[in-house]
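I have placed the structure first, in the form of structure tokens, so that the comments after it can refer back to it.
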Amino acid sequence: GDVYKRQVRDPNLFSSTPKDNQTNAVQQLIARLLSPNVASLFTLEIIAPSAKGFDVFEIETPLPGKVTLRGSSGVALASGLNWYLKYYCNCDVSWGVQGTGDQLLLPNPLPTVPSKIRQESNVKYRYYMNVCTVSYSAAWWDWDRWEREIDWMALHGINLPLSFTGQEYIWSLMFKKLGMTDDQLQDFYTGPAFLAWNRMGNIQKWAGPLSNSWQMSQANLQKQILERQRQFGMTSVLPGFAGHIPRAIKVLFPNAKVIQSANWARFNATYSADYLLEPLDPLFLTIGKLFVETLMEEYGTCLLYTSDAADEEDSV
């Protein structure tokens, strides 16, 4: 929604998502995880962060079978829920396929907490995932699988998740603004399972092409992912421009200064030897700025970007 596109550029990176949105997100998480009936037994409140400005949660049971969770963010509330489930209900939420690793047989009534529990985070930001995860594990995830993963993140205190889905749609929009064609782009993109190494400048074209319809579906999925992460109060980390470019850039900009990498991991020059635009070339700033502008138009304001200019490259 528009509220997330207007995120404040907070130097502390805390989300500006309204409190009610964050408590609603956690209430819905409880309903998904445990059931709507169980969710009605939990009261959720947003409180101030710790004196250090870090996340904090509190747990109380003011009445038998009723639980009050307080937290400084949606993530803090979800972390408090996970603490209560683990240490008072002997439950566990795991990575098992379709919930097969979960143990969610709740005691009835819900256990009482003898006295108020208060836990303060030791750090302000808890980062999750790396740039290879999206190809090692998440290349074929749909929204149901991503929803479960984001729930897991919230329950385990993650507030700085890497969010790399749907970036090829942005690259295509951006490069087309510069005059590149679909055919030229398809000569660059790998198939979905290899995109991590395409994005890091290791390989190109391998297992492609990457259809426009697939790119659009991933863009729509990314919007769902970001919306949910922001509802929990997370700050999503989006891709930046590292300098990796299609070879067709030399057709459009013959004077562009590029570095051609060596072949990577025994791929031949058809599928490797990617181009890296030199950072001091004025075109680098032009493309980098246009990429971020296009990204923000589609996915909203971002406070953190990440990129990999050289991954296992001897010649860069």
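The values are calculated or read from the model by the stated rules, or taken from the named source; none is laboratory data. Computed from a predicted model, the values in this text were never measured in an experiment. Here the Cβ positions follow ideal geometry from the backbone for every residue, glycine too, while neighbour counts run over all protein chains shown. Side chains included, ligands, DNA and RNA excluded: accessible areas come from the protein's heavy atoms. Shrake-Rupley method; radii C 1.70, N 1.55, O 1.52, S 1.80 Å.
Some notes on this structure:
- A Förster radius of 41 Å, combined with the Cβ-Cβ distance separating Lys66 from His156, puts the computed FRET efficiency at roughly 0.95.
- Rolling a 1.4 Å probe over the protein heavy atoms gives segment 142-287 an accessible area of 38 Å² per residue.
- Which label in [x] 54; [y] 48; [z] 60 gives the computed percent of Cα pairs over 25 Å apart: [x]
- Note on Glu298 and Asn130: their simple-model spin labels are 2.6 nm apart, each label 7 Å out from Cα toward Cβ.
- Applied to segment 72-87, the Karplus parametrisation 6.51 cos²θ - 1.76 cosθ + 1.60 on θ = phi - 60° returns per-residue 3J(HN,Hα) values of 7, 6, x, 4, 5, 4, 5, 5, x, 4, 4, 4, 4, 4, 6, 9 Hz, with x for Gly and Pro.
- Of the residues Phe54, Phe291, Phe188, the one that moves most in a GNM of the chain with alpha-carbon contacts below 10 Å is Phe54.
- Taking 0.36 nm per residue of sequence separation and removing the Cα-Cα distance, the Ser40/Leu252 pair yields an extension gain of 70.4 nm.
- Zone of Ala309's modelled label, taken as backbone nitrogen in segment 247-291 under 17 Å from a point 7 Å along Cα→Cβ: 257-262, 274-289
- Using the rule -39500 (n - 2.57) for each DSSP H run of four or more residues, divided by the residues of the chain, the 222 nm mean residue ellipticity is -11000 deg cm²/dmol.
- Per-atom-type breakdown for the chain gives carbon and sulfur 53% of the accessible area (1.4 Å probe, protein chains only).
- Cross-link pairs beyond the 27 Å C-alpha cut-off, checked among Lys19/Lys66; Lys86/Lys223; Lys250/Lys289; Lys176/Lys205: Lys86/Lys223
- For His244, distant residues with modelled amide H under 5 Å away: Leu277
- In the context of the full set of protein chains, residues of segment 45-102 present 45 Å² of accessible surface per residue (probe radius 1.4 Å, heavy atoms only).
- For Cys91, the residues whose modelled amide H falls within less than 5 Å of its own, excluding neighbours fewer than 5 places apart on the same chain, are Lys86.
- Efficiency of FRET between Asp183 and Gln98 - r from beta-carbon atoms, R0 51 angstrom, step 0.05: 0.80
- Annotation: amide H-H contacts under 5 Å for Trp264 (H modelled 1.01 Å from N, sequence separation of 5 or more, or interchain): Ala273.
- Those aspartates and glutamates that a straight Cα-Cα span of less than 18 Å connects to Lys177, excepting residues fewer than 8 apart in one chain: Glu168, Asp187, Glu293, Glu297, Glu298
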